[in-house]
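The values are calculated or read from the model by the stated rules, or taken from the named source; none is laboratory data. Not measured: the values here are computed from a predicted model. Using ideal geometry, Cβ is built from the backbone for each residue, glycine included, and neighbour counts are taken over all protein chains shown. Accessible surface is based on the protein model in full, side chains and every heavy atom, while ligands, DNA and RNA are left aside. Shrake-Rupley method; radii C 1.70, N 1.55, O 1.52, S 1.80 Å.
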Amino acid sequence: MITDEEQKRYARQILLSGEEGQERLKAASVLVAGAGGLGTVISLYLAAAGVGRLRIIDCDIVESSNLNRQILHWSRDVGRPKTASVKEKLAALNPLIRIEAEQSRITEENMGALAQGCNLIVDAMDNFPTRYLLNRTAVDRGIPFIHGAVRGFFGQTTTVIPGKGPCLRCLFPVSPPPEVFPIVGATCGVIGSIEAAEAIKLLTGQGEPLMGRIFIWDGLAGNADSIIVERNPACPDCGNLP
Amino acid sequence: MKVTFRTFATFREVTGAGEIEMILPPGEKIRGLLEELCNAHPGLRERLFDAAGQIKPHILILKNGRSVASLQPLDTVIDEGDVIAVFPPVAGG
Ligand SMILES: [Zn+2]
């Protein structure tokens, strides 16, 4: 049930997807893996949209070099855990939702517990090894996984619906080499916003998910593209699904 | 035969354009197309290939919008009118 307070707060969304859509958002539990450049954008929009339970995982402390892009961390937060910083801002933005911010590193061991009870996993990581772990967890549990990554003015995103479209491992069997990546905050804004929009679409059952397609953003050229991609029948992560 | 080459992100910075029209001999393979591009655009070779001359494993090669899911993508034969795309995924967050 949507309360009067929620009616008012989400009025512009209810115009789009009705009270039923808003109820679906309220009933949802979303895991946001990371509270950095992408994670602060994603969790900000999902909290504002009224996702009922947001579980945000990050192990890091806010550093001043984060502030060019990680929009929920401010100058006064340097030295604080990122999870404490995002929890405070998101709770002030939307007191009607539940925010579980957990300061931990995502590992093979704790992944299952972190994803417990979640309907959707959103990728806000900065490395492929952890992304592969998120992908496999989503595939094993049959829940959607929204991938996003950025570098400089460039980014990519795709939505994994296990068994229906390719998974992250089908698309990117091998991790790009690790690096200290250059980045402008606006790129995180573009890709994080698309990831948040994908999440809202899936949860409210609207539109066409970015399944079987990689959306490619080239901010330098001012250009967006999408390429069609298919499942790999020999994929080690999802090849066993029908 | 006429072929279109497309690329993205950092590769586009080197080639100067996202889309390049090329005339190639019939039966040309992806290897030959990339060789021609590397000769024309300094800096592309080290972005595409490792020290052993193999295509870097994380780079996606697509033929007509579909991933060339082969162990030897460079040996894939190109047909008249094909669009060959090379996409270097990014990894930051
Ligand atoms: Zn797969």
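Quick notes on this one:
- Of all residue pairs spaced 6 or more apart or on separate chains, those with beta-carbon atoms under 8 Å, a first member in region A:128-139 that is closer than 13 Å to A:P176 by Cα and a second member that is surrounded by fewer than 24 Cβ atoms within 10 Å (Cβ to Cβ) and charged (D, E, K, R) are A:Y132/A:R169; A:Y132/A:D237.
- Considering region A:88-144, and only residues there that are assigned to a strand (DSSP E or B) and more than 16 Å from the ligand (Cβ to nearest atom), the residue that is farthest from the other protein chains (Cβ to nearest Cβ) turns out to be A:R98.
- Checked against (1) more than 26 Å from B:A9 (Cβ to Cβ); (2) more than 16 Å from the ligand (Cβ to nearest atom), A:K164 passes all but condition (2).
- Scope region A:159-181; condition of a type outside the set (A, V, I, L, M) and facing chain B (nearest Cβ under 10 Å); matching residues: A:P166, A:C170, A:F172, A:P173, A:S175, A:P176, A:P177, A:P178, A:E179, A:F181
- Qualifying residue in region B:60-76 (condition: modelled with pLDDT of 95 or more and either within 11 Å of another protein chain (Cβ to nearest Cβ) or open to solvent by less than 30 Å² (accessible area, probe 1.4 Å) (or both)): no
- So A:S85, is it over 26 Å from A:M1 (Cα atoms) and open to solvent by less than 10 Å² (accessible area, probe 1.4 Å): yes
Residue by residue, here is whether (1) within 11 Å of the chain's Cα centre (by Cα); (2) open to solvent by 50 Å² or more (accessible area, probe 1.4 Å); (3) more than 9 Å from chain A (Cβ to nearest Cβ); (4) not polar (S, T, N, Q) holds:
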| residue | (1), (2), (3), (4) |
| --- | --- |
| B:T10 | no, no, no, no |
| B:G16 | no, yes, yes, yes |
| B:E21 | no, yes, yes, yes |
| B:L48 | yes, no, yes, yes |
| B:Q54 | no, yes, yes, no |
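- For the criterion of being β-branched (V, I, T), within 11 Å of the ligand (Cβ to nearest atom) and within 25 Å of A:T40 (Cα to Cα), A:V150 fails.
- Residue match in region A:190-200 (condition: farther than 23 Å from A:K26 by Cα and either open to solvent by less than 20 Å² (accessible area, probe 1.4 Å) or of a type outside the set (S, T, Y) (or both)): yes
- Of the helices (runs of 4 or more DSSP H) that lie entirely inside region A:1-73, those containing 1 or more residues that are buried (at least 18 other Cβ atoms within 10 Å of the Cβ) and within 14 Å of another protein chain (Cβ to nearest Cβ) span A:37-49.
- Any hit, region A:174-188, residues being exposed (fewer than 13 other Cβ atoms within 10 Å of the Cβ), under 28 Å from B:V83 (Cα atoms) and more than 16 Å from the ligand (Cβ to nearest atom): yes
- Residues within region A:213-224 that are more than 10 Å from chain B (Cβ to nearest Cβ) and open to solvent by less than 50 Å² (accessible area, probe 1.4 Å), tallied: 1
- Among the candidates B:A91, B:A85, residue that is of a type in the set (A, V, I, L, M), within 11 Å of another protein chain (Cβ to nearest Cβ), touching a residue at least 24 places away in the same chain (Cβ under 8 Å) and crowded, with 20+ Cβ neighbours inside 10 Å: B:A85
- Scanning region A:155-164 for residues that are open to solvent by less than 20 Å² (accessible area, probe 1.4 Å) and more than 13 Å from A:L38 (Cα to Cα) returns A:T158, A:T159, A:V160.
- For chain B, the strands (runs of 3 or more DSSP E) that sit wholly inside it and include 2 or more residues that are touching a strand residue (DSSP E or B) at 6+ places or on another chain (Cβ under 8 Å) and farther than 30 Å from A:G165 by Cα are B:19-23.
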